[in-house]
Structure formats: C-alpha cells, structure tokens
Amino acid sequence: MERPMVLPGLPLLPTTIVGSYPQPDWLIDREGLKSRLPPRVRAQELWRIKDPQQLADAQEAATLVAVSDQKLAGIHIVGDGEMRRESYSNRLATSLAGIETDPPGQAMDRTGKMNPVPRVAGPIRRTSPIESQDAAFLKARAGCPVKITIPGPFTMTQQAQNDHYPDMAALALDYADAVNAEARDLFAAGVDIVQLDEPYLQAKADEARSFAIEAINRAVKGVGGVTALHICFGYAHVHQGASKPGGYAFLEELEDSHIDIISIEAAQPRLDPSILRELPTKHIMYGVIDLNDPDVETPEVVADRIRQALPYIDAERLLIAPDCGMKYISRETAFGKLKAMADGAAIVRRELTGSD
C-alpha cells in the first residue's frame, strides 16, 4: 500500500540532517568540545564570545551559515545545526523549573564514565518557551520545511540525578509534560517537524521497556504537527571503529509509539536493513553517511546504501539522513558528505521515478 509523504510538496526520498552541524571555531572551542564528554549541564566556557548579546548575534550568524550550507548541498528539510547549544540536550534540560546545577548531580554516561548532570530538586515544569524564538528565526530564513530537535523525556531521566521523584517513571512523565509544552510552541512558531532525541532508549533498553513509550506518547500527545524520534548507538567521535553493535536492542517497541518518523543510524554500524521490518507503519529517517569515515562518500556509495533498504520499506516512507554527530567533523567534510548524500538520493529517485 502506498504511504503518504511525511510532508506535502517533498520529493521521494527527501533529505535532512539529524540535528547538529559543525559550529565555527570562531564561535565555540571545538577542541575543548571534542576533549570531553558531551555536556549535560551548561558549559558556557566553551563559547569564544563572552558578551551575551554578541554571542547571541554570533549564534544567529552561525545558524545562517548552517542553513546556507544545507540548502546549497541540496537538503530538503533543514535544521538549525544546533548552533546555540553546547550539546543536543543540555540547553532545554537545564532551563526547566525543578532543576538545580549548583552543585550538579552525577550520572553515568553511556561510555561508562561519570558526568556532571542536572539535579532534580523539585517538580519538573516548563515555565516559559525555550527554543520557539530560535525556531521562528530558522523558519523565517530557511524558505523550506524545517526541523527542530529537543531531548526526549526518557533520555533526560538518564541524564539527571533524581533527588525528588519516587521513581524514574514518575520523573519521565513530568519531563514528558515539559517536552509537550515546548513542542506545541515550536509548532506554533512554524516548525514543520519536531524531533525528540532519545539515544538512551538503546543505551538503557531494559529500563526503557518499562516506561519509555508511555512517556514518549505523553510528550507528543496533541502537539499539532509531524514528530520524529532519533535513536542511535552514540556519536562516532566517541564510539569509533567497530565499537557499535549491528542491531538495535530497542526498536520494534517504537511501533507502538505515536511518533511519525523514527530516525536510526545505519552507515557506521553497518546495520542490517531488514530491521526496518520492525517498524511497518512508521516513516524512517535512515542514516547513510558514516561519520567515523574521514573520507567523503561518493554519491554512488550513498545510492547503494539506500538501495539496500528498499526491499524492506516502501520508498514513500523513507527519508535520507547522515548518522548523528556531525558537529564533531570539519565543516568542509560535513558539507561534502551532505552533498554526496543529496546526490546519492537523487540517483535512486531517478531510478524509481524517472526524474529528480
């Protein structure tokens, strides 16, 4: 049965980014960023520019660079590259009522090392919009469909020290309410897709099975737009070489979620594409760019990775993306990989439709 496109007006096999894009070295200390675990609390010392207004202006300028690069590369659904963040999760996670960071808590990262994290000292509440102004800026300047990422409720429970709630499930449900409120404002600001980043579904699969789907469904209930969820094995910068498993421990469970698009990485882990059968009703954002490989893929390599997925999913349900963690590679390499990805998707699109 033919599935509708995830958004009207997009071509077959539309392209997008997962979330991050390389931040300029004039904006952030890239070497400092690479030398540490992804920050869970704020890491303001990483920014090159210390004056708050000048920093905000510089982050807007960097966002325009990221948008321009994506459009020049041929990307159909554009993101802001997370230019205003030290990590994908810490900006929103530290902006909620009920959170204290002085002193921070401690939690084990998925590498097995302890990392400073937000400390839950009271009821989690979102008291005001956090990223809607940034979303409106992106939408006004992109001139195409846009996607914004926010951390999901399950992952935030794993990146926090719980000093208030009776259990992690109760904490996740209040995080879900905060995410829901933020997502509603992002859609009101004109965002086309809101993506929840949930890497800890894979890292803590057993715990995720007990309450993650309930929290995720609560986070997207009635938000009024297309939702995505990203699940992965960790950044290539951290998990290099053959250190990633070839299959997901938590994936088929997402078929029961109310999420529209599931984003998975497939290139670096050499994922068996038959796993796509586990999500028969979802659109899939499929990672075809290996960020552990310093070389830029050729369009034909990308096209072949896309072809390998097609026996297991209708082309109408497939979106094309890189694996996650693009912020850790150079802008030159990132742009080259995105251009190869867009060109590779165009090859397969011509094979399927006879046109670009």
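Where does each of 287-297, 157-167 land if you order them by average Cβ count within 10 Å, highest first?
With the highest mean Cβ count within 10 Å placed first, the list reads 287-297, 157-167.
Between Leu352 and Ser35, what length in nm is gained on full extension when 0.36 nm per residue of separation is reduced by their alpha carbon distance?
109.7 nm
Once both labels are modelled 7 Å past Cα along the beta-carbon direction, what's the Ala188-Arg125 spacing in nm?
1.7 nm
Give the shape of the range 244-356 as rounded, prolate or oblate, defined through the alpha-carbon gyration tensor: a ≥ b ≥ c are the square roots of its eigenvalues, a/c under 1.5 means rounded, and otherwise the shape is prolate if a/b is larger than b/c and oblate if not.
Oblate, since a/c reaches 1.5 and b/c is not below a/b.
Taking 0.36 nm per residue of separation and subtracting the Cα-Cα distance, what length does fully extending Asp295 through Trp26 add?
Length gained between Asp295 and Trp26: 94.4 nm.
What is the pair-distance distribution P(r) of the chain, computed from all Cα-Cα distances in 20 Å bins starting at 0, with each bin given as a whole percent?
32, 62, 6
On the Cα set of the range 103-206, report Rg and Dmax in Å, please.
Just the Cα atoms of the range 103-206 yield Rg and Dmax of 15.2, 46 Å.
Sticking with the crude label model, points 7 Å out along Cα→Cβ, report the distance from Gln133 to Gln53 in nm, one decimal please.
Rounded to a tenth, the inter-label distance reads 1.3 nm.
Residue by residue, what Karplus-based ³J(HN,Hα) values in Hz, rounded to whole numbers, does the range 164-181 have, using 6.51, -1.76 and 1.60 with θ = phi - 60° and x for Gly and Pro?
Ordered by residue, 3J(HN,Hα) equals 9, 7, x, 7, 5, 5, 5, 4, 4, 5, 6, 4, 4, 5, 5, 5, 4, 4 Hz.
Using a 1.4 Å probe over the heavy atoms of the protein chains, calculate the carbon and sulfur portion of the accessible area of the chain as a whole percent.
50 percent
Specify whether the C-alpha gyration tensor of the range 28-77 places it in the rounded, prolate or oblate class, a ≥ b ≥ c being the square roots of the eigenvalues: rounded for a/c under 1.5, otherwise prolate if a/b is larger than b/c and oblate if not.
Verdict is oblate for the range 28-77.
Is there a quick way to get the dipole size of the range 293-344? I mean about its Cα centre, with the Cβ of Lys and Arg at +1 and of Asp and Glu at -1; what is the value in debye to the nearest 20?
Charge dipole, the range 293-344, about its Cα centre: 200 debye, nearest 20.
Rounded to the nearest 20 Debye, what is the dipole magnitude of the chain about its Cα centre when Lys and Arg each give +1 and Asp and Glu each give -1 at the C-beta?
For this selection, approximately 340 debye.
Just the number, please: Stokes-Einstein D of the range 153-232 in µm²/s, Kirkwood Rh from C-alpha pairs, 10 °C, 1.306 mPa s.
124 µm²/s
Per residue, how much accessible area does the range 77-146 show when a 1.4 Å probe rolls over the protein heavy atoms, in square angstrom?
Per-residue value: 38 Å².
For Glu45 and Thr111, what does the FRET efficiency come to when R0 = 22 Å and r is the distance between their Cβ atoms, rounded to the nearest 0.05?
It comes to 0.55.
R0 = 30 Å: FRET efficiency of Ala97 with Ala249, Cβ-based, nearest 0.05?
0.35
Can you give the accessible area per residue of the range 280-323, in Å², using a 1.4 Å probe?
Accessible area per residue: 35 Å².
How long is the gain from Ser274 to Arg307 if the chain were fully straight, where each residue apart is worth 0.36 nm and the alpha carbon distance is subtracted?
10.7 nm
Working only with C-alpha atoms, what are the Rg and Dmax values of the range 77-153, expressed in angstrom?
Answer for the range 77-153, Rg first and Dmax second: 14.9, 43 Å.
Using only the Cα atoms of the range 33-172, build the gyration tensor, take square roots of its eigenvalues as a ≥ b ≥ c, and label the shape rounded, prolate or oblate: rounded if a/c is under 1.5, else prolate if a/b is larger than b/c, else oblate.
It is prolate, given that a/c is not under 1.5 and a/b is the larger ratio.
Once the whole set of protein chains is in place, how much accessible area is left on Cys324, using a 1.4 Å probe, in Å² to the nearest 10?
Around 10 Å² of this residue is reachable by solvent.
Could you please tell me the mean projected area of the C-alpha convex hull for the range 153-311, averaged over all directions and given in square nanometres to one decimal?
Approximately 10.3 nm², given one-decimal rounding.
What value, in deg cm²/dmol to 500, does the helix sum -39500 (n - 2.57) over DSSP H runs of n ≥ 4 give at 222 nm once divided by the residues of the chain?
-11000 deg cm²/dmol
With a 1.4 Å probe and all protein chains in place, put Met326, Met168 in order of accessible area, largest first.
Result of the area sort, largest leading: Met168, Met326.
Which one, Glu86, Glu252, Glu265, has the greatest fluctuation when you compute a Gaussian network model over the chain with C-alpha springs under 10 angstrom?
Highest fluctuation among the options: Glu252.
State to the nearest 20 debye the size of the charge dipole of the range 192-299 about its Cα centre, where the only charges are +1 on K and R beta carbons and -1 on D and E beta carbons.
For this selection, approximately 180 debye.
Using 10 Å bins from zero, what percent of all Cα-Cα pairs in the range 1-100 falls into each bin?
Here the calculated profile for the range 1-100 is 14, 37, 29, 15, 5, 0.
Sorting Arg317, Arg36 by accessible area (1.4 Å probe), largest first, what list results?
Largest accessible area first, the list is Arg36, Arg317.
Check cross-link reach from Lys204 to the lysines: straight Cα distance under 27 Å, and skip same-chain residues fewer than eight apart.
Of all the lysines, those that pass the test against Lys204 - Cα under 27 Å, at least 8 places apart if same chain - are Lys34, Lys113, Lys147, Lys221, Lys244, Lys282, Lys327.
The values are calculated or read from the model by the stated rules, or taken from the named source; none is laboratory data. Predicted model only: the values in this text are computed from it and were never measured. Cβ: placed from backbone, ideal geometry, glycine included. Neighbour counts: every protein chain shown. Each accessible area value is taken on the protein alone, full model and side chains, heavy atoms only, with ligands, DNA and RNA left out. Shrake-Rupley method; radii C 1.70, N 1.55, O 1.52, S 1.80 Å.
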